[in-house]
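The values are calculated or read from the model by the stated rules, or taken from the named source; none is laboratory data. Everything quoted here is computed from the prediction, not taken from an experiment. Note that we place each Cβ from the backbone using ideal geometry, even for glycine, and neighbour counts take in every protein chain shown.
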Amino acid sequence: MSAQSSPASRTSEAYDVVIVGAGFAGMYMLHRLRGLGLSARVYEQGGGVGGTWYWNRYPGARCDVESMQYSYSFSDELQQEWDWSERYAPQPEILRYANHVADRFDLRRDIQFDTRVDRAEFDERLNTWSVTTSDGKTVSASFVVLATGCLSNARKPDIKGLDRFNGPVYHTGNWPHDPVDFAGLRVGIIGTGSSGIQSVPVIAEQAKHLTVFQRTPNYSIPARNAALTPEERQRFRDNYPEIRRFARWEARNGIYTDLPDRGALDDGDNERRAKYEARWARGGLTFMSVYNNLGLDKAANDTAASFVREKIAETVKDPATAKLLQPTTYPIGTKRICIDTDYFDTFNRPNVSLVDIKANPIEEITENAVRVAGHDHEIDALVLATGFDAMTGSVARIDIRGRAGRTLNQKWAEGPKTYLGLMSAGFPNLFIITGPGSPSVLSNMIVSIEQHVDWIADCLVYLRERGLATMEAEGGAEEKWVAHVNEVAHGTLYPQANSWYMGANIPGKPRIFMPYIGGVGAYRQICNDVAAKGYEGFVMS
Ligand code: N01
């Protein structure tokens, strides 16, 4: 396996591996392949590295996994030298980090920017992929790795009149590179997921008036963001071996925290309230790990959900607005929980109003307004915080053809099917990083990315050492895995929400719980066991 030794092909350029995407997954994959002496080419549709952090430049964008943990662990030098400034890193800083990694490991020379992969077709005769890019070129590769991200396909809603609007329309997932100035403007924002909840307080400070159009209210926990002190950073650095081990193996979601040993109903009312108060004061995603059964038991979950609803009522002064902001139709945590800075407080500002578009959906967007229940809410600019075609959306945009010319979109028409989230039967030598059927979006993404990249790298070494040319998921193993992913999901409360985890935000998308909810440690063990048994469930030849 090397560019030189690759089988003859009808294309002039041949690589061992083509990687699609230069976000955190693609960059680390490239680094590992280099270390193995394999040739690789990365195609990235953006003008720079960073993936999600390249595109999501909306006001207030920051990661809700703490910066000391939302960072690569593969290089101790890197984790010791990089100075995160805040508990939760803002988007520009994460993007700087991604660029630093690209420079430090000299990655750019193998990355072609501003280039989309449009098509990838497997040649069964040559056992190679032909990869066609938006610049009209076709190259061949023994393997293709989709490092396309889980939340990369920004979705514009299908709202009547959207194209008629005279002012600027921004999507949070595809934000302009130059700062947007909302000063003096009447701004409308549609969507109250993580992106909306982060951007609302910041836009409200700039705009003359902000109208928030809310379809479903969200549970949100205060971030309690703050500058990191040198001592705090050093504490992490000194303890990184244990923190990283814990994140990989012990924490279900890949985030270092204390693990709960009891359920919410095991405590009396006062004790439980005190624990929720303590977590609320501490802030952040670990609110949901105060008890071990919040995702499993509806009565337990109700205690946490009521607590958050009370906090919303305490914070928001107008009772009608507070009521609208209180989620009641799904258990807490079953839609991705949000982390905010002053989100609920923002509704106390005189220049912010909330419009319920659940009771009365948007009728249409006119040249200068959003019309709801016959009333025109006049705006000068519109922000769409309407999310993504998650997990499958960016894969679906590529015309991927496997054995017998069958497309991945045809195969996944009823929902994505993979073995371990890593490969799909009928598509040999095609790996997916953090694909559907793996913990991915239910975890600290960098923990899951590193695990997949390392697994794929080890697998390529295994193939090379044995002179094997192809690897493919077995149909039977895949069926079993899909059934297992489904069974584990349905043992939890998660499928009760109309979430993007279920594909529910995309009209017509199959309703399937896409990520694997068994926990990153259990999942890692399964992947390791599969490898130790000679890649059980895969066919190699
Ligand atoms: O997108 P979302 P997001 N008419 O899908 C509404 C990660 N992330 O970009 O709930 C009206 O969550 C939709 O309403 P409903 C994180 O994993 C992380 O905010 O479908 N409304 C919802 O309110 C997150 O979960 C970070 O009823 C429409 C909103 O738009 C994921 O990305 C920051 C509509 C979409 O919410 C996605 O978050 C940001 C329509 N036609 C994102 N269509 C951090 O690390 C959609 N909506 C902090």
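Note on region 137-251: enclosed helices (runs of 4 or more DSSP H) holding 1 or more residues that are within 16 Å of the ligand (Cβ to nearest atom) and touching a residue at least 60 places away in the same chain (Cβ under 8 Å) are 194-206.
Beta carbons closer than 6 Å, at least 6 apart along the sequence or on distinct chains, pair a first residue in region 48-76 that is over 16 Å from Gly149 (Cβ atoms) and part of a loop (DSSP other than H, G, I, E, B) with a second that is of a type in the set (A, V, I, L, M) and near the ligand (Cβ under 8 Å from one of its atoms) for Asp64/Ile339. Among residues of region 481-503 that are over 18 Å from Ala300 (Cα atoms), none has a Cβ under 7 angstrom from a residue that is basic (Lys, Arg) and assigned to a helix (DSSP H, G or I) at a sequence gap of 6+ or on a separate chain. Among the residues of region 496-535, just one is within 16 Å of the ligand (Cβ to nearest atom), over 18 Å from the mean Cα position of the chain (by Cα) and not in a loop (DSSP other than H, G, I, E, B), namely Gln496. State yes or no: is Arg237 basic (Lys, Arg) and in contact with a helix residue (DSSP H, G or I) (Cβ under 8 Å, 6 or more places away or on another chain)? When the stated conditions are applied, Arg237 passes them.
Check region 65-83 and report whether any residue there is in contact with a Leu (Cβ under 6 Å, 6 or more places away or on another chain) and not hydroxyl-bearing (Ser, Thr, Tyr). Within region 65-83 (the criterion being in contact with a Leu (Cβ under 6 Å, 6 or more places away or on another chain) and not hydroxyl-bearing (Ser, Thr, Tyr)), the answer is no, since none of the residues qualifies. Could you tell me which numbered condition Gly37 fails, if it satisfies all but one of (1) more than 13 Å from the ligand (Cβ to nearest atom); (2) on the phi < 0 side of the Ramachandran plot; (3) surrounded by fewer than 19 Cβ atoms within 10 Å (Cβ to Cβ)? Unmet condition: (2).
As a summary of the residue check, Asn486 satisfies the conditions (1) more than 13 Å from the ligand (Cβ to nearest atom); (2) closer than 30 Å to Val42 by Cβ except for the one numbered (2).
Going through region 309-336 one residue at a time, which ones are of a type in the set (Val, Ile, Thr), within 16 Å of the ligand (Cβ to nearest atom) and either crowded, with 19+ Cβ neighbours inside 10 Å or modelled with pLDDT under 95 (or both)?
The answer is Ile312, Ile332, Thr334.
Glu465 meets each of the listed conditions (1) without any contact (Cβ under 8 Å) to a residue 60 or more places away in the chain; (2) on the phi > 0 side of the Ramachandran plot apart from (2). Note on region 348-401: residues that are assigned to a strand (DSSP E or B) and among the aliphatic types (A, V, I, L, M) total 13.
Residues in region 53-108 that are touching a Lys or Arg at 6+ places or on another chain (Cβ under 6 Å) and surrounded by fewer than 21 Cβ atoms within 10 Å (Cβ to Cβ): Ser73, Gln80, Pro90, Ala102.
Residues that are charged (D, E, K, R), more than 14 Å from the ligand (Cβ to nearest atom) and within 24 Å of Val453 (Cα to Cα) within region 58-105 comprise Asp76, Glu77, Glu81, Arg96, Asp103, Arg104, listed in sequence order. For region 404-430, the set of residues classified as among the β-branched types (Val, Ile, Thr) and in contact (Cβ under 8 Å) with a residue 60 or more places away in the chain consists of Thr418 only.
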